[in-house]
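**Q** Quick one: this structure, given as structure tokens, is what I'll be asking you about.
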């Protein structure tokens, strides 16, 4: 069946009222349910059917021709897309800071795609504007901001870049017109273990990466407030202006939570914008048992929080929450006449597009609101708490199993990092050469697990601590049980004993 036949008008071929289009929607909905959603919860299925890039390109038949393919062919290509993709909702996927999408968030994602609206004015996105205002009021309250606001951004990195932008204009509002070269050099401070997005932001916004000052961390990866104080003093002596410090709640590798109270004391003393990158670890603020990890977050000026990570909303749901109501618009508004007319039939405060540097913006709020509405506060907290319980179990499993060595004795978040020492390296003197051999183990085992498709776990070195390649397991999927934690250790032994 062709995608368009000569006997049909163009309008008919695009109409959802047409029986053939309705059948196609039913067919691809069934395909998604049967081949993408249901199998991903089965631990006996593969996490990935790995193919090399050129093989995958051929398998997908990527070339687009002048003539259309049939709808049957499109469905077959959909099957191949599913077959060639990583199953992030699989109980053995521990590779990234996200896992499978919450079913209620999936409902929101599908609705968002069907409605296909740009979230900039109440005129074209009334439901989304109302919901976004509510969600940011709720997030502000959870953080501890009295009258905050926010905006959904295209990723946590963009949230952090936006925070740099806000900090710059808080320091000197005239920079909106004059630019960053009109004053003495500005610098940005963050911990040596912080996310690399601050470097991207410094480059993107014209600061340059030389403007970044790295602050030392302790042996657990937490920033040292006394070194932050020293670094700010040095900046002033060097006639540079420190405008922002980016603290972290849940660092990408070790999962460390910075001492926000100590950081806030320093930032307030020097009038430096305090931004908290809680993209990964912000979910603990939903739990009365765990929110102590973010003590002092209410003293910050802005927070980045990826609700698609620990809380399981669909990618992406990246919230930038700002303490000062109205400041986003003050920094970003240009009042485009074709969008933001002042004489509309409704309160134009609901035209929120000028809160961000974007014009076109994805409708992410439905994924968050429907998920949260369907779960309630208690279940949202329980999901996070279960991940922490599983992570604690895995830590003890690793600690007690021969051949495994934890990078840290304890972890603040659900990032569990460790080395696997195969039998041939055990009991030998731990020389630099020995460690270089250990560095080869994780990449080798990772390759084996991907080819087998049994599991996915990340690995990396950590140059700031002088550490060679180690495994980093991210525990977050609520369908995971203790048996899945056992599987991690057992599978690494199976794959790695002969490495």
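The values are calculated or read from the model by the stated rules, or taken from the named source; none is laboratory data. The model shown is predicted, which means the values in this text are computed figures rather than measured ones. A quick note on method: Cβ atoms are made from the backbone with ideal geometry, for glycine too, and the neighbour counts reach across all protein chains shown.
**Q** Name the residues in the stretch 391-407 that are within 24 Å of residue 284 (Cα to Cα) and either out of contact with any helix residue (DSSP H, G or I) (no Cβ under 7 Å at 6 or more places or on another chain) or outside any helix (DSSP H, G or I) (or both), would you?
**A** Passing the criteria: 391, 392, 395, 396, 406, 407.
Here is a yes/no grid of residues against (1) within 30 Å of residue 83 (Cα to Cα); (2) out of contact with any strand residue (DSSP E or B) (no Cβ under 7 Å at 6 or more places or on another chain); (3) part of a strand (DSSP E or B):
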| residue | (1), (2), (3) |
| --- | --- |
| 366 | yes, yes, no |
| 376 | no, yes, no |
| 381 | no, yes, no |
| 385 | no, yes, no |
| 439 | no, no, no |
| 451 | yes, yes, no |
| 458 | yes, no, yes |
| 461 | no, no, yes |
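**Q** Return the only residue of 209, 174 being in contact with a helix residue (DSSP H, G or I) (Cβ under 7 Å, 6 or more places away or on another chain), over 28 Å from residue 118 (Cα atoms) and either surrounded by 15 or more Cβ atoms within 10 Å (Cβ to Cβ) or without any contact (Cβ under 8 Å) to a residue 40 or more places away in the chain (or both).
**A** Only one candidate passes the filter, namely 209.
**Q** Which numbered condition in (1) in contact with a strand residue (DSSP E or B) (Cβ under 8 Å, 6 or more places away or on another chain); (2) free of Cβ contacts under 8 Å to residues at least 24 places away in the same chain is the only one that residue 483 fails?
**A** Against the list (1) in contact with a strand residue (DSSP E or B) (Cβ under 8 Å, 6 or more places away or on another chain); (2) free of Cβ contacts under 8 Å to residues at least 24 places away in the same chain, residue 483 comes up short only on (1).
**Q** Answer with yes or no whether residue 151 is under 30 Å from residue 373 (Cβ atoms) and not in a helix (DSSP H, G or I).
**A** Yes.
**Q** The conditions are (1) surrounded by 16 or more Cβ atoms within 10 Å (Cβ to Cβ); (2) at pLDDT below 95, and residue 157 fails exactly one of them. Which is it?
**A** Looking at each condition in turn, residue 157 falls short on (2).
**Q** Take the conditions crowded, with 24+ Cβ neighbours inside 10 Å and assigned to a loop (DSSP other than H, G, I, E, B) and apply them to residue 221. Does it pass?
**A** yes
**Q** Could we say that residue 278 is surrounded by fewer than 24 Cβ atoms within 10 Å (Cβ to Cβ) and at pLDDT 95 or above here?
**A** no
**Q** Using beta carbons and a limit of 6 Å, which pairs, at least six apart or on different chains, have the first residue in the stretch 334-351 and exposed (fewer than 10 other Cβ atoms within 10 Å of the Cβ) and the second one assigned to a helix (DSSP H, G or I) and at pLDDT 80 or above?
**A** none
**Q** Still on this structure, please answer the following. Restricting to the stretch 467-494, name every residue that is over 26 Å from the mean Cα position of the chain (by Cα) and either in a loop (DSSP other than H, G, I, E, B) or farther than 19 Å from residue 390 by Cβ (or both).
**A** The answer is 493, 494.
**Q** I've got another one for you. Return only the number of the condition from (1) more than 27 Å from the chain's Cα centre (by Cα); (2) outside the structural domain of residue 313 (by TED's automatic domain parsing) that residue 343 does not satisfy.
**A** (2)
**Q** While we're on this one: How do the pairs read when you match residues in the stretch 23-40 that are over 12 Å from residue 75 (Cα atoms) with residues anywhere that are surrounded by 12 or more Cβ atoms within 10 Å (Cβ to Cβ), using Cβ under 6 Å and keeping only pairs 6 or more apart or on different chains?
**A** What qualifies is 36/82; 39/45; 40/87; 40/89; 40/90.
**Q** Would you check which residues across the stretch 136-153 are under 21 Å from the mean Cα position of the chain (by Cα) and either surrounded by 21 or more Cβ atoms within 10 Å (Cβ to Cβ) or at pLDDT below 95 (or both) and list them?
**A** Matches in the stretch 136-153: 136, 139, 140, 143, 149, 150, 151, 152, 153.
**Q** Going by the conditions given, is residue 111 assigned to a helix (DSSP H, G or I), at pLDDT 95 or above and closer than 21 Å to residue 296 by Cβ?
**A** No: the conditions fail for residue 111.
**Q** For residue 72, which of the numbered conditions (1) under 26 Å from residue 13 (Cβ atoms); (2) without any contact (Cβ under 8 Å) to a residue 24 or more places away in the chain; (3) loosely packed, with under 14 Cβ neighbours inside 10 Å fails to hold?
**A** That leaves (2) as the condition not met.
**Q** (1) over 30 Å from residue 491 (Cβ atoms); (2) touching a helix residue (DSSP H, G or I) at 6+ places or on another chain (Cβ under 8 Å); (3) in contact (Cβ under 8 Å) with a residue 24 or more places away in the chain: which one isn't true of residue 358, the others all being true?
**A** (2)
**Q** In addition: Can you tell me which of (1) at pLDDT 95 or above; (2) surrounded by fewer than 15 Cβ atoms within 10 Å (Cβ to Cβ); (3) under 30 Å from residue 192 (Cα atoms); (4) out of contact with any helix residue (DSSP H, G or I) (no Cβ under 8 Å at 6 or more places or on another chain) is the one residue 463 doesn't meet?
**A** (1)
**Q** Would a scan of the stretch 297-307 turn up a residue that is assigned by TED's automatic domain parsing to the domain that holds residue 207, touching a residue at least 40 places away in the same chain (Cβ under 8 Å), in a loop (DSSP other than H, G, I, E, B) and closer than 25 Å to residue 369 by Cβ?
**A** Yes, the stretch 297-307 contains a residue that is assigned by TED's automatic domain parsing to the domain that holds residue 207, touching a residue at least 40 places away in the same chain (Cβ under 8 Å), in a loop (DSSP other than H, G, I, E, B) and closer than 25 Å to residue 369 by Cβ.
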